[in-house]
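Accompanying notes for the structure given below.
The values are calculated or read from the model by the stated rules, or taken from the named source; none is laboratory data. Keep in mind it's a predicted model, so treat the numbers as computed, not measured. Using ideal geometry, Cβ is built from the backbone for each residue, glycine included, and neighbour counts are taken over all protein chains shown. These area figures cover heavy atoms from the full protein model, side chains too; ligands, DNA and RNA do not enter into them. Shrake-Rupley method; radii C 1.70, N 1.55, O 1.52, S 1.80 Å.
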Amino acid sequence: MQQALSLFMEKGYAAAGINEIVRRAGVTKPALYYFFKSKTGLFFSILDTYYNRLFSLLEEAAEYKPSPSKYEQDVFPVLNRLMDTYCIFARQNTDFYMLVLSMSFANPDTEIADCIKGFQKREQKILERMFRHMAEYHGNLKRKETLLAVSFRALIQSCIGLWHSGEMELNPRQSRQTVKLFMHGIFS
């Protein structure tokens, strides 16, 4: 799976051929087909493995314990934890994260877009659930949970993309500034 992931990242899913995958991995075609059934099956297994690791980390990081009267103990630390979780995961799984990020803009009618769609929906639901819980204590968030989840995820993905291209650092100070900007808007 690691060799296929590297190849998908280098060449793109469509250009990565089965022959090259098995050659790099040092396995036979029948072995690949036995375990994964197809290139799409292999791709789905990669998504499933890495996304489930990410989901486990996100579920833990998104746990909100209300403390509305104490800014530093309420929404802010949860969003910081999430930002840090995404950044650490992206650093540790760069090929996977950048592949998924690039596929976020794939033609929605393709086979790979179909594979990734369910995972992206699950990720969105984790963030929406967190914002819904926060909205119970912060009325200004009510009925904005989906937009907040989409916006926060997009901001994080942009930061990770800029980090990957060498245009931005991913460090705790940068993360805190990004979260504060998200929370307070451009006039903070």
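Taking ARG23, is it farther than 30 Å from VAL78 by Cβ and open to solvent by 80 Å² or more (accessible area, probe 1.4 Å)? So ARG23 fits the description; yes.
Each row is one residue, and each column tells you yes or no for (1) of a type in the set (A, V, I, L, M); (2) surrounded by 15 or more Cβ atoms within 10 Å (Cβ to Cβ); (3) touching a residue at least 12 places away in the same chain (Cβ under 8 Å).
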{"residue": "PHE44", "(1), (2), (3)": "no, yes, yes"}
{"residue": "PRO77", "(1), (2), (3)": "no, yes, no"}
{"residue": "LEU82", "(1), (2), (3)": "yes, yes, yes"}
{"residue": "THR85", "(1), (2), (3)": "no, yes, yes"}
{"residue": "ARG132", "(1), (2), (3)": "no, yes, yes"}
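Kindly indicate whether GLU128 is charged (D, E, K, R), under 30 Å from MET1 (Cβ atoms) and modelled with pLDDT of 95 or more. Judged against the criteria, GLU128 is a match.
Would you mind finding the one in GLU128, GLU63 that is under 24 Å from LEU170 (Cβ atoms) and of a type in the set (D, E, K, R)? Of the residues listed, the single one that is under 24 Å from LEU170 (Cβ atoms) and of a type in the set (D, E, K, R) is GLU63. Of all residues in segment 153-166, those satisfying the criterion of being open to solvent by less than 30 Å² (accessible area, probe 1.4 Å) and either over 14 Å from LEU99 (Cα atoms) or in contact with a His (Cβ under 7 Å, 6 or more places away or on another chain) (or both) are ILE156, CYS159. Scanning segment 51-71 for residues that are among the hydroxyl-bearing types (Ser, Thr, Tyr) and over 13 Å from ARG122 (Cβ atoms) turns up TYR64, SER67, SER69, TYR71. Of all the listed residues (GLU145, GLU123, GLU169, GLU128), the sole one being open to solvent by less than 90 Å² (accessible area, probe 1.4 Å) and farther than 26 Å from ILE46 by Cα is GLU145. Annotation note: Cβ proximity below 6 Å between a residue of segment 136-155 that is over 17 Å from GLY185 (Cβ atoms) and a residue that is open to solvent by 80 Å² or more (accessible area, probe 1.4 Å) and part of a loop (DSSP other than H, G, I, E, B) (sequence gap 6+ or interchain) occurs for no pair. Figure legend. Inter-residue proximity from segment 170-188: first residues over 19 Å from GLN157 (Cβ atoms), second residues at pLDDT 90 or above and of a type outside the set (Phe, Trp, Tyr), beta-carbon distance below 9 Å, spacing 6+ or different chains. Indicated pairs: SER188/LYS180; SER188/LEU181. Annotation: TYR97 fulfils all but one of (1) in contact (Cβ under 8 Å) with a residue 60 or more places away in the chain; (2) open to solvent by 30 Å² or more (accessible area, probe 1.4 Å); (3) more than 27 Å from LEU141 (Cα to Cα); the unmet one is (2).
Cβ separations smaller than 6 Å between residues 6+ apart or across chains give the following pairs from segment 102-114 residues that are open to solvent by 40 Å² or more (accessible area, probe 1.4 Å) to residues that are assigned to a helix (DSSP H, G or I): GLU111/THR40.
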